[in-house]
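The values are calculated or read from the model by the stated rules, or taken from the named source; none is laboratory data. Here the structure is a predicted model, which means the values were calculated and not measured. Virtual Cβ from ideal backbone geometry, glycine too; neighbours counted across all protein chains shown. What goes into the accessible areas is simple: the full protein's heavy atoms, side chains included, and nothing from ligands, DNA or RNA. Shrake-Rupley method; radii C 1.70, N 1.55, O 1.52, S 1.80 Å.
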Amino acid sequence: MVCLGNICRSPLAEGILQQKVKGAGLDWKVDSAGTGNYHTGEAPHHSSQKVAKLNGIDISLQKCRQFLAEDMLRFDKIYVMDSDNYNEVKRISGKLWDEKKTALLMNEQYPGQNMNVPDPWYGTEKDFHLVFDMLDKVCAAVIKKYSTQHG
Ligand code: 4NP
């Protein structure tokens with residue numbers, strides 16, 4: 001799960017997908033990163049932590065890290081929150097870029113619409129709730145897709 005800062009959206013996406021993976025009995029490793037390095041080593045934004053906690057998910061132990069080209073090799077699927085960061089993932093990946101592995105996350109729920117998960121960084125707590133709800137629904141679609149494909 002990749003966003004810009006790995007501080008607001010992608011930590012929520014990691015926590016939400018991780019919880020659903022566990023619930024579905026799947027054996028997936030879920031991680032998140034940011035294309036920027038402004039917050040490396042920090043815990044998620046307090047509003048992301050709060051909204052996650054209100055929904056029964058603890059993301060407080062996550063640590064922000066920057067996306068690396070090698071992540072293209074380490075993971076089977078790279079989901080990106082918006083089109084700017086999709087282009088950044090492509091740029092950072094260089095010759096390791098794999099278009100088939102990389103997708104805009106929201107296309108799993110709304111195929112072909114290239115919708116972005118809005119950045120709540122300059123918003124209010126309400127925006128973090130909206131992001132949580134979007135991520136919760138799209139992560140459910142991801143689980144459904146792969147559970148169906150692999151029995
Ligand atoms: P995120 O939000 O990409 O959802 O983690 C942001 C976090 C930090 C900044 C921008 C967006 N920033 O400019 O530091």
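Taking square-rooted eigenvalues a ≥ b ≥ c of the alpha carbon gyration tensor, is the chain rounded, prolate or oblate, where a/c under 1.5 means rounded and, failing that, a/b exceeding b/c means prolate? Verdict is rounded for the chain.
Once each of the chymotrypsin sites (Phe, Trp or Tyr not before Pro) sitting in a DSSP loop with at most 12 other beta-carbon atoms within 10 Å is removed, the chain keeps 39-121 as its longest stretch. Each of Asp98 and Ala43 was given a label point 7 Å from its Cα along the Cα-to-Cβ line. The distance between the two points is 3.4 nm.
Nearest 0.05, what FRET efficiency do Asp133 and Asp27 give at R0 = 25 Å with Cβ-Cβ as r?
Efficiency computed from Cβ-Cβ geometry: 0.40.
At a probe radius of 1.4 angstrom, the accessible area of the chain per residue rounds to 54 square angstrom. The distance between label points at Ala69 and Tyr146 comes to 2.6 nm (points 7 Å beyond Cα on the Cα→Cβ vector).
Across the accessible surface of the chain, with the other protein chains kept in place and a 1.4 Å probe, carbon and sulfur atoms take up 52 percent.
Comparing Cα centroids, the stretch 1-19 and the stretch 97-151 end up 10 angstrom apart.
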